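Everything on this sheet refers to the single structure shown next.
None of the figures in this text is laboratory data; all of them are computed from the coordinates on show. Small disclaimer: the values here were computed from a predicted structure and weren't measured. Positions of Cβ are generated from backbone atoms using ideal geometry, with glycine treated the same way; all protein chains shown enter the neighbour counts.
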Amino acid sequence: MTDSSEVLRIHNLKKSFDKNKVLKGIDFTLFQGEKVVVLGPSGSGKSTFLRSINRLEEPTAGEIYFRDELLTDKNIVKARQKIGMVFQHFNLINNLTVLENLTLAPVTLKILTEPEAIKKAHELLRHIGLSHKEHAYPSSLSGGEKQRIAIIRAMMMNPEILLFDEPTSALDPEAIGDVLSLIHELADRSMTIIIVTHEINFAKEIATRVIFIDSGKIIEEGPPSTFFTNPSTDRVKEFLRKVL
Amino acid sequence: MTDFFTKLIELFNTPEYMDSLLRGFLLTIEISFFAILVGFALGTIIALIETAKPSKWLIIPKWLCHIYTTIIRGTPMALQLFIMFFIIFAIRDFPELITAVLAFGFNSAAYTSEIIRGGILSVDKGQKEAGLALGLKNSTIFRKIIAPQAIKNIIPALGNEIVTVIKETAIVSMVGMYDLNMAAKDIGSGHNLASYIVPMFTAALFYLATIYLITFLVRRLEKRLRKSDNQEYAI
């Protein structure tokens, strides 16, 4: 029997790029409303882990269940509509305006009608204070604006989970604050989140659980209270000593 | 020098010569126009096969595309033209124009496919991933995201290919077709004008004017597309 609030269950996830084993068997379960922060050194497999969840990377082995349904090549396209993702480099569609970026998927996939999508886009844009940019192309926006729009683009789909892949790593300090406070707000509104980040202080603020990945394995996991103050492994102690 | 100008005026004032040149010019344009269309259509198909995700259904098509582009790009255009005229379409009363269009079209397809392939690959990987992450189908991603950006990237190279085809069609005179190049030679070898330089100079002007016009139009298109890239609001 599975818990009714279980959103995601990952079993023995492995991923290799040719001979390079990036993920070496990850077991992980995500529950409704959790905010999981994924920490770890560069090249540890954090991003690959995140990108395997919505199959932007094809797993080499293992199973991923989303709401008790095993994700396969066949049902992943549908599942992605409910698994939002925010990228390090924003990935707004260059040939579309801000408004078109927001409405493309919900309208094409018939989740919303065009007037509904536009109305929702207007509300979200107003909320982040970027209403005046609705007809702008991504090339004319700053990094922080792009990322906030990328976040509301994911929200347009009413996702059940939001995956953040180092959302602030490509931003300047001022923009980082804007983006983090938007993520913070989503977290407060009971969004289920997995975030890969290097912002340790932010991680402490929002995390309900922290997982530490090194060399393709989860080395330690636990609530932030114990993870940051009383880690059990030497590897995490060493990591925290260096970053804090 | 005065002789050159006198003969140039004579050429422009003799309807017979002008008719020949215009007839030749028309054929050059006809062959080029249809060959470019054939090349673009076939080139697009080849590029799509080559850039498609590998699967067992595509092993043979991908291999055929590779062989095709290798052979076409590795042999002279003039030889391909001869093969089309004297072997493949050596059928009595088969329209020469179609043979020529196919010869140049098949040749251009090999180059155009490379241009289009490059254009598709030049679109940042993140653009496709954004579409995938939103739950869009591959076909939608291609139509709404990849293709519009790829087209913008390939316009300069495509313009170049059009210019190349127009100039290359001059070799149809080798199989006896009466194109602009042939017309210049024909007029020059006649007894009345007794000058090669004047008709060839004129033919050169025709080619140059055509290519200049195309280059100008391509540049304008390029500029317009780039503008919408950097401007804050859509035009």
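The table below lists the values:
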| read-out | value |
| --- | --- |
| Expected 222 nm ellipticity per residue - DSSP helices of 4 or more, -39500 (n - 2.57), all of chain A, to 500 | -11000 deg cm²/dmol |
| Calculated FRET efficiency for the pair A:Ile200/A:Leu70, C-beta based, R₀ 41 Å, to 0.05 | 0.75 |
| With Cα atoms, 0 to 90° folded angle of helix B:15-51 axis to chain B main axis | 20 degrees |
| Filter on A:Lys15/A:Lys242; A:Lys21/A:Lys146; A:Lys237/B:Lys125; A:Lys35/A:Lys146; A:Lys46/A:Lys146 - keep pairs with C-alpha separation over 30 Å | A:Lys21/A:Lys146; A:Lys237/B:Lys125 |
| Proximal lysines relative to B:Lys62, as straight alpha-carbon distance under 20 Å, when same-chain residues fewer than 8 apart are discounted | B:Lys53 |
| Separation of alpha-carbon centers, region A:120-153 and region B:164-224, rounded to whole Å | 53 Å |
| Between helix B:59-74 and chain B: long-axis angle, C-alpha atoms, 0 to 90°, nearest 10 | 30 degrees |
| Neighbour-count ranking [beta-carbon atoms within 10 angstrom, fewest first] of A:Lys78, A:Lys35, B:Lys53 | B:Lys53, A:Lys78, A:Lys35 |
| Nearest-20 debye value, chain A charge dipole, Cβ charges on Lys, Arg, Asp, Glu | 400 debye |
| Charge dipole magnitude, Cβ of K and R +1, D and E -1 - region A:53-100, Cα centre, debye nearest 20 | 160 debye |
| Alpha-carbon centroids, region A:223-237 and region B:1-71: separation in whole Å | 69 Å |
| Footprinting exposure proxy for A:Glu134, B:Glu30 (fewest neighbouring C-beta atoms within 10 Å first) | B:Glu30, A:Glu134 |
| Net length gained if the chain between A:Lys78 and A:Ser232 were fully extended (0.36 nm per residue, minus Cα distance) | 51.5 nm |
| For residues of A:86-92, the mean tally of beta carbons on other chains within 10 Å | 4 |
| Global geometry of chain B, whether rounded, prolate or oblate, following the gyration tensor of its Cα atoms and the 1.5 cut on a/c | oblate |
| Which of A:Arg51, A:Arg235, B:Arg73 has the fewest Cβ neighbours within 10 Å, and the rest in rising order | B:Arg73, A:Arg235, A:Arg51 |
